[in-house]
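First up is the structure itself, then whatever we jot down about it.
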Amino acid sequence: MTSSYPQRAFTGVVLTTAGLMALGLGAASAHVSVAPTSTTENGYSQLTFSVPSESETAATNKLEVQLPTGQPFTSVRVKPVEGWTAEVVSGALPEPVTTTDGATLTEAPLSVVWTAEPGAEISQQEYQTFSISVGPLPEAGSTVILPTTQSYTDGEVVEWNQETEGEEEPEKPAPSFVTTAAVEGDASHGGPEATVAPEATEAPEAIDAEQASTTAGSPSALAWAGLVAGLLGLAAGGTALLRTRRRA
């Protein structure tokens, strides 16, 4: 009777840990997302899309991001990705748009398309990042929605185009972010080149700290935190069991 309780306790710890691990791995299952370096209205920002390959039988070989047409970007620049070609597709807007400086736009960049060269596709359990510099951003409080199409080598096409309503995230959410009010001294108002200024001027420690604060609240970070907590609990349970057996 003395040894049955520690055994049950240890089994409980194992089951709890397994649940945490399953939760963590499930939460870590990512979708196409976007991370802006700046969200300041009327400014410029580098938008980085994180693209995981989720197919078990094929690799990602094409990505197309739709750009806003209601408040279009007048400047779009693409950061090169080794093994991929990129094209900024421009065309006529659905309706003419008047900019903040009074100009009327009838054409603007409509999308950006990346295509993999042979051997550069994103295979299973891999991901790739794609960055563009865009601007000016719309007024504060605007939700910038960037519907994205992910294509696979077997012909499968995944549309990440669902808008998020409320707190519940849809199955295929479109990458998006919300613009914010201007802050005095914000370098993002200086033009497209300002989007890379933080990387050139901040010390490495500052960049690491900023990246840590940005990723700490992400689903992947929380998932791995839960996984680590579960493993620590498993280790503690094992230690307690060994101590109890020695006393017995």
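On the basis of being of a type in the set (Asp, Glu) and not in a strand (DSSP E or B), does residue 139 make the cut? Working first, answer last.
On the way: of a type in the set (Asp, Glu): yes; not in a strand (DSSP E or B): yes.
Here the answer is yes, as residue 139 does meet what is asked.
Confirm whether residue 129 is among the polar types (S, T, N, Q) and under 21 Å from the mean Cα position of the chain (by Cα).
Details: among the polar types (S, T, N, Q): yes; under 21 Å from the mean Cα position of the chain (by Cα): yes.
Against the criterion (among the polar types (S, T, N, Q) and under 21 Å from the mean Cα position of the chain (by Cα)), residue 129 qualifies.
As an exercise: evaluate residue 48 against (1) part of a loop (DSSP other than H, G, I, E, B); (2) surrounded by 15 or more Cβ atoms within 10 Å (Cβ to Cβ) and give the number of the one condition it does not meet.
It fails just one condition, (1).
Scan the range 147-187 for residues that are in contact (Cβ under 8 Å) with a residue 60 or more places away in the chain, surrounded by 11 or more Cβ atoms within 10 Å (Cβ to Cβ), out of contact with any Lys or Arg (no Cβ under 7 Å at 6 or more places or on another chain) and not aliphatic (A, V, I, L, M) and report the count.
15
When the range 112-144 is examined, which residues are found to be touching a Leu at 6+ places or on another chain (Cβ under 6 Å) and either more than 25 Å from residue 71 (Cα to Cα) or among the polar types (S, T, N, Q) (or both)?
Answer for the range 112-144, where residues must be touching a Leu at 6+ places or on another chain (Cβ under 6 Å) and either more than 25 Å from residue 71 (Cα to Cα) or among the polar types (S, T, N, Q) (or both): there is none.
All but one of (1) surrounded by 12 or more Cβ atoms within 10 Å (Cβ to Cβ); (2) within 15 Å of residue 138 (Cβ to Cβ); (3) not hydrophobic (A, V, I, L, M, F, W, C) hold for residue 85, so report the exception by its number.
For residue 85, the failing item is (2).
For the range 88-99, name all the residues that are farther than 24 Å from residue 65 by Cβ and either basic (Lys, Arg) or surrounded by 12 or more Cβ atoms within 10 Å (Cβ to Cβ) (or both).
Of everything in the range 88-99, nothing turns out to be farther than 24 Å from residue 65 by Cβ and either basic (Lys, Arg) or surrounded by 12 or more Cβ atoms within 10 Å (Cβ to Cβ) (or both).
If you take the residues in the range 55-107 that are hydrophobic (A, V, I, L, M, F, W, C) and in a loop (DSSP other than H, G, I, E, B), which one is farthest from the chain's Cα centre (by Cα)?
Ranking the qualifying residues of the range 55-107, first place goes to 103.
For the range 132-146, which residues satisfy the criterion of being surrounded by 21 or more Cβ atoms within 10 Å (Cβ to Cβ) and not hydrophobic (A, V, I, L, M, F, W, C)?
Our first condition is that a residue be surrounded by 21 or more Cβ atoms within 10 Å (Cβ to Cβ); within the range 132-146, this holds for 132-137, 144, 146.
Matches in the range 132-146: 133, 135, 136.
To keep it simple, each residue is scored yes or no on (1) surrounded by 15 or more Cβ atoms within 10 Å (Cβ to Cβ); (2) at pLDDT below 95.
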residue: 101; (1), (2): no, yes
residue: 109; (1), (2): yes, no
residue: 117; (1), (2): no, no
residue: 128; (1), (2): yes, no
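Yes/no per residue for (1) in contact with a Pro (Cβ under 9 Å, 6 or more places away or on another chain); (2) at pLDDT below 95:
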site: 25; (1), (2): no, yes
site: 28; (1), (2): yes, yes
site: 34; (1), (2): yes, no
site: 40; (1), (2): no, no
site: 43; (1), (2): yes, no
site: 46; (1), (2): yes, no
site: 52; (1), (2): no, no
site: 59; (1), (2): no, no
site: 67; (1), (2): yes, no
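Take the residues in the range 98-128 that are among the hydroxyl-bearing types (Ser, Thr, Tyr) and either touching a residue at least 40 places away in the same chain (Cβ under 8 Å) or not assigned by TED's automatic domain parsing to the domain that holds residue 43 (or both), then tell me which one is farthest from residue 73 (Cα to Cα). Lay out the reasoning, then the answer.
First pass over the range 98-128, keeping only residues among the hydroxyl-bearing types (Ser, Thr, Tyr): 98-100, 104, 106, 111, 115, 123, 127.
Pick out the ones that are also either touching a residue at least 40 places away in the same chain (Cβ under 8 Å) or not assigned by TED's automatic domain parsing to the domain that holds residue 43 (or both) and you get 100, 111, 115, 123, 127.
Values: 100: 12, 111: 10, 115: 22, 123: 32, 127: 27 Å.
The selected residue is 123.
From 110, 137, grab the single residue that is under 17 Å from residue 40 (Cβ atoms) and more than 18 Å from the chain's Cα centre (by Cα).
Working: 110 fails: under 17 Å from residue 40 (Cβ atoms).
After applying the criteria, what remains is 137.
For the range 111-133, give me each residue that is among the hydrophobic types (A, V, I, L, M, F, W, C) and either out of contact with any Ser or Thr (no Cβ under 6 Å at 6 or more places or on another chain) or part of a loop (DSSP other than H, G, I, E, B) (or both). Talk me through it step by step, then tell me what you get.
Going residue by residue through the range 111-133, those that are among the hydrophobic types (A, V, I, L, M, F, W, C) are 112-114, 116, 120, 122, 130, 132.
112, 113, 114, 116, 120, 130, 132 - these are the residues of the range 111-133 that are among the hydrophobic types (A, V, I, L, M, F, W, C) and either out of contact with any Ser or Thr (no Cβ under 6 Å at 6 or more places or on another chain) or part of a loop (DSSP other than H, G, I, E, B) (or both).
The values are calculated or read from the model by the stated rules, or taken from the named source; none is laboratory data. Since the model is a prediction, treat every value here as computed from it, not as a measurement. Here Cβ is always computed from backbone atoms with ideal geometry, including for glycine, and neighbour counts include all displayed protein chains.
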